[in-house]
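Colleague: Could you have a look at this structure, given as structure tokens, before my questions?
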Amino acid sequence: MITVSGVSHTYRVGPQPVRAIDDIDLTVADGTVVCLFGPSGSGKSTLLHLLGGIERCQVGEIIVDEWRLNTLDARALARYRRQHVGFIFQAFHLLPALTALENVEVPLVLAGVRPAERRRRAQALLERVGLAERAHHRPDQLSGGEQQRVAIARALIGEPRLLLADEPTGNLDSATGERIVALLLAEQRARGCTVIIATHNETLAQHAQQCVRLHDGRVVAAVPS
Ligand code: ADP
Ligand code: MG
């Protein structure tokens with residue numbers, strides 16, 4: 001269960017602060033597929049970063065299962081990200097010097113899992129996303145869709161309860177994008193995790209139990225679809 005109460009988030013970089021999230025309340029039940037819609041700049045990424053513990057919650061309260069994110073220090077927040085969250089970015093964010101297999105293993109390296117066990121689990125996940133034969137390729141030797149599948153395998157390897165995807169198909173053609181979405185939905189069905197997808201693709205709403213629409217950092221509609 002996710003509860004977001006009275007959450008606001010302001011970026012202070014230039015002289016003018018930017019209020020990216022403005023007093024959001026939201027509840028998401030376990031095992032839900034949520035679509036997060038909204039124009040560019042409406043706060044989708046910021047909300048995902050807050051939910052994923054990438055940005056610290058400044059104002060309000062975010063509770064994800066047993067984790068109260070606003071009370072966690074940097075160390076605990078890192079543990080939350082590692083143990084609870086899988087994050088998929090639009091731009092993949094793979095490590096360029098590592099092979100596909102090594103990229104998938106990274107979270108397990110951080111979690112202190114033994115090398116043989118890491119390798120076995122990463123290999124199994126690459127198989128599941130259909131990339132067993134690309135295990136030793138580096139990101140620049142893979143297509144965009146393949147890179148995103150590696151990124152998904154990396155996000156799934158810790159068996160996260162919460163899977164967050166930020167425009168995961170934004171850089172892909174529509175057929176490749178459909179395959180990526182199918183993978184996320186299959187993972188949700190197999191493990192019952194919660195999946196939140198920020199997207200511009202309205203056709204995804206048909207797969208979601210809940211659609212949240214943002215505008216200027218505010219929720220303008222949060223309805224079961
Ligand atoms: P979306 O993902 O819907 O496009 P974002 O959450 O990325 O929206 O952005 C919301 C607002 O916050 C925008 O005005 C954007 O310029 C600003 N913003 C996002 N990230 C940062 C950042 N790291 N530093 C400063 N401003 C940011
Ligand atoms: Mg964004």
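Colleague: Sticking with the crude label model, points 7 Å out along Cα→Cβ, report the distance from ALA182 to ALA111 in nm, one decimal please.
Modeller: Taking the simple label geometry, ALA182 and ALA111 are separated by 2.7 nm.
Colleague: Restricting to bridges with both residues inside region 97-225, how much of the DSSP beta-bridge set is antiparallel, in percent to the nearest 5?
Modeller: Restricted to region 97-225, the bridges split so that about 50 percent are antiparallel.
Colleague: Using a 1.4 angstrom probe and counting only protein chains, how large is the accessible area of VAL13 in Å², to 10?
Modeller: 140 Å²
Colleague: Which three lengths, in whole Å and largest first, does region 1-96 cover when its Cα atoms are put on their principal axes?
Modeller: 38, 36, 29
Colleague: Right, next: Quick one: Cα convex hull volume of region 167-216, Å³ per residue?
Modeller: 83 Å³
Colleague: Further, regarding this structure: Can you give the accessible area of GLU133, probe radius 1.4 Å, in Å² rounded to 10?
Modeller: Counting only protein heavy atoms, GLU133 exposes about 120 Å² to solvent.
Colleague: Follow-up. How large is the direction-averaged shadow of the alpha-carbon convex hull of region 42-141, in nm²?
Modeller: Reported value for the Cα convex hull: 8.0 nm².
Colleague: Taking only DSSP H segments of four or more residues, each worth -39500 (n - 2.57), what value at 222 nm results for the chain once the sum is divided by all its residues, to the nearest 500 deg cm²/dmol?
Modeller: -10500 deg cm²/dmol
Colleague: Among DSSP beta bridges whose residues both lie in the chain, state the antiparallel percentage, nearest 5.
Modeller: If I count the DSSP bridges inside the chain, around 55 percent turn out antiparallel.
Colleague: Using only C-alpha positions, report the orientation-averaged shadow area of the convex hull of region 90-225, nm², one decimal.
Modeller: Details: hull surface 35.5 nm².
The number I arrive at for region 90-225 is 8.9 nm².
Colleague: Out of every Cα pair in region 86-166, what percent are spaced more than 19 Å from each other?
Modeller: Tail of P(r) above 19 Å: 26 percent of Cα pairs.
Colleague: A further question on this structure: Might you report the magnitude of the Cβ-based charge dipole of the chain about its Cα centre, with Lys and Arg at +1 and Asp and Glu at -1, to the nearest 20 debye? Present the calculation step by step, with values, prior to reporting the outcome.
Modeller: Working: 25 positive and 24 negative charges, 130 e Å.
Using Cβ point charges on Lys, Arg, Asp and Glu, the chain gives about 620 debye.
Colleague: What's the local net charge at ARG138, with K and R +1, D and E -1, over the other residues with C-beta under 12 Å away?
Modeller: Around ARG138, the charge tally is -2.
Colleague: Separate question: Mind telling me which of HIS215, HIS84, HIS137 comes out most flexible in a GNM of the chain, alpha-carbon contacts under 10 Å?
Modeller: HIS137
Colleague: Also, quick follow-up: Which order do the peptides 40-50, 85-95 come out in when sorted by mean C-beta neighbours inside 10 angstrom, highest first?
Modeller: So the order, starting with the most tightly packed, is 40-50, 85-95.
The values are calculated or read from the model by the stated rules, or taken from the named source; none is laboratory data. Note that the structure is predicted; figures quoted are calculated from it, not measured. So basically every Cβ, Gly included, is an ideal-geometry build from the backbone, and we count neighbours across all protein chains shown. These area figures cover heavy atoms from the full protein model, side chains too; ligands, DNA and RNA do not enter into them. Shrake-Rupley method; radii C 1.70, N 1.55, O 1.52, S 1.80 Å.
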